[in-house]
Amino acid sequence: MQIEKEGIDDVLHVLYEALRKDGRYHKGSRGGTRELLSVAIRIRNARARISRSEDRGKPFSAVGELLWYLAGSNKLEFIVPYIDLYKEDAEDDGTLHGAYGPRLVNMRDKINQLENVVDLLKAKPGSKRAVIQLFDANDLVGNFKEIPCTTTAQFLVREGRVHLSVTMRSNDAYYGLPHDVFCFTMLQEMVARRLGYDIGEYYHYVGSMHVYEDFLPDLDNYLEEGWHRTESMPPMPEGNPFDLVGTILKAEAAARSGETFRSEDFVAEPYWADVLRLVQVFWASGNGERLDQLKSEFHSQIYRTHLESRRHLRRRVNLDTVGEVSK
């Protein structure tokens with residue numbers, strides 16, 4: 001199956017209808033699924049990465065997952081407040097064997113694949129070798145609760161834009177796909193800006209695209225919302241966004257600990273201040289007064305529409321109080 005659309009909501013509508021109509025039953029390791037084999041997705045506007053749906057629009061947890069990647073972390077304690085489903089995948093020592101972060105920036109305890117891709121494309125912009133490997137042959141040796149669903153990510157510079165092709169062995173269309181598109185297109189734009197280019201198109205290839213049967217009613221609810229107008233995140237500012245990662249991670253830790261601050265105290269650029277505000281909104285869930293303040297501070301209108309979903313969620317401060325929010 002091939003899907004070519006402008007943004008994430010356009011893709012989800014076509015995909016969810018196809019899973020409903022043509023998906024075949026498959027008994028997966030976690031229960032029955034409706035499955036489509038060999039799905040190819042092309043998103044022409046990679047900045048249209050946030051769903052407009054009340055249900056699928058989850059920029060807060062998606063940013064949390066992106067920061068987990070950039071931190072190079074495989075720790076459950078970092079990610080589970082944002083996505084509690086990861087508790088099912090953790091090993092006994094509280095780590096995630098399949099976590100992407102260490103594989104992106106410290107593969108085999110020595111290889112920073114993101115840096116290598118950037119260095120290669122700086123020296124040879126037309127190269128076809130700028131490939132990040134997330135699935136490793138060692139993943140098939142041993143008994144792990146989870147291994148990477150993503151196999152490779154290839155960056156291609158063409159006509160002044162950076163395109164990204166991601167290949168996945170398996171993809172949960174309901175929980176995983178919206179987050180995957182958000183995180184990978186953010187990395188795509190970060191690499192593009194680091195290289196001095198604009199972002200190009202995003203390509204997503206999946207061997208097994210599926211939805212668990214328990215969530216078929218949720219697919220119906222999404223489809224019943226109707227078609228959502230495509231809306232894009234603003235362009236990422238020029239410069240090297242990776243220089244800001246350490247600062248943003250410090251700010252995330254401050255928000256996690258309950259500190260109140262203005263995002264501009266950490267990052268002056270409005271784009272990144274808004275991204276950091278998404279993190280603040282997550283940790284301020286249930287605090288109406290604080291959410292009102294944060295809502296008034298956003299520079300981009302696109303994020304404000306999602307803020308209301310956080311008003312009735314109580315704030316989580318440790319693993320014992322996690323559970324209400326997932327992808």
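Quick notes on this structure:
- Filter pass, V267 being closer than 20 Å to I79 by Cβ and not assigned by TED's automatic domain parsing to the domain that holds E6: no
- Restricting the stretch 266-299 to residues that are closer than 21 Å to P234 by Cβ and without any contact (Cβ under 8 Å) to a residue 24 or more places away in the chain leaves a set whose member that is surrounded by the most Cβ atoms within 10 Å (Cβ to Cβ) is L294.
- Cβ separations smaller than 7 Å between residues 6+ apart or across chains give no pair from the stretch 214-236 residues that are at pLDDT below 90 to residues that are aromatic (F, W, Y) and surrounded by 12 or more Cβ atoms within 10 Å (Cβ to Cβ).
- For the stretch 1-47, the set of residues classified as in contact with a strand residue (DSSP E or B) (Cβ under 6 Å, 6 or more places away or on another chain), part of a loop (DSSP other than H, G, I, E, B) and more than 23 Å from D220 (Cβ to Cβ) consists of R44, A46, listed by residue number.
- S208, sole failed condition from (1) outside any strand (DSSP E or B); (2) of a type outside the set (V, I, T); (3) more than 21 Å from Y82 (Cα to Cα): (1)
- Scanning the stretch 42-75 for residues that are aliphatic (A, V, I, L, M) and in contact with a Ser or Thr (Cβ under 7 Å, 6 or more places away or on another chain), we see that the one that is surrounded by the most Cβ atoms within 10 Å (Cβ to Cβ) is A46.
This table checks each residue for (1) of a type outside the set (S, T, Y); (2) within 21 Å of the chain's Cα centre (by Cα); (3) within 29 Å of V118 (Cα to Cα).
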site	(1), (2), (3)
E224	yes, no, no
N240	yes, yes, yes
I248	yes, yes, yes
R262	yes, no, no
Q280	yes, yes, no
A284	yes, yes, no
S296	no, no, no
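- Residue check, F144 free of Cβ contacts under 8 Å to residues at least 60 places away in the same chain, assigned to a loop (DSSP other than H, G, I, E, B) and farther than 26 Å from G23 by Cα: yes
- Some residue of the stretch 141-148 being on the phi > 0 side of the Ramachandran plot, exposed (fewer than 15 other Cβ atoms within 10 Å of the Cβ) and in contact with a strand residue (DSSP E or B) (Cβ under 9 Å, 6 or more places away or on another chain): no
Residue-by-condition table, conditions (1) hydrophobic (A, V, I, L, M, F, W, C); (2) in contact (Cβ under 8 Å) with a residue 12 or more places away in the chain:
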residue: I132; (1), (2): yes, yes
residue: L140; (1), (2): yes, no
residue: P148; (1), (2): no, yes
residue: V157; (1), (2): yes, yes
residue: R161; (1), (2): no, yes
residue: L164; (1), (2): yes, yes
residue: R194; (1), (2): no, yes
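- Looking only at the stretch 152-164, and only at residues there that are of a type outside the set (D, E), surrounded by fewer than 18 Cβ atoms within 10 Å (Cβ to Cβ) and out of contact with any Asp or Glu (no Cβ under 9 Å at 6 or more places or on another chain), the one that is nearest to Y100 (Cα to Cα): T152
- Only residues that are crowded, with 16+ Cβ neighbours inside 10 Å and either at positive phi or not in a helix (DSSP H, G or I) (or both) were counted in the stretch 231-265, giving 3.
The values are calculated or read from the model by the stated rules, or taken from the named source; none is laboratory data. As the structure is a prediction and not an experimental result, all values here were calculated from the model. Ideal geometry is used to build each Cβ from the backbone, glycine not excepted, and the neighbour counts take in all protein chains shown.
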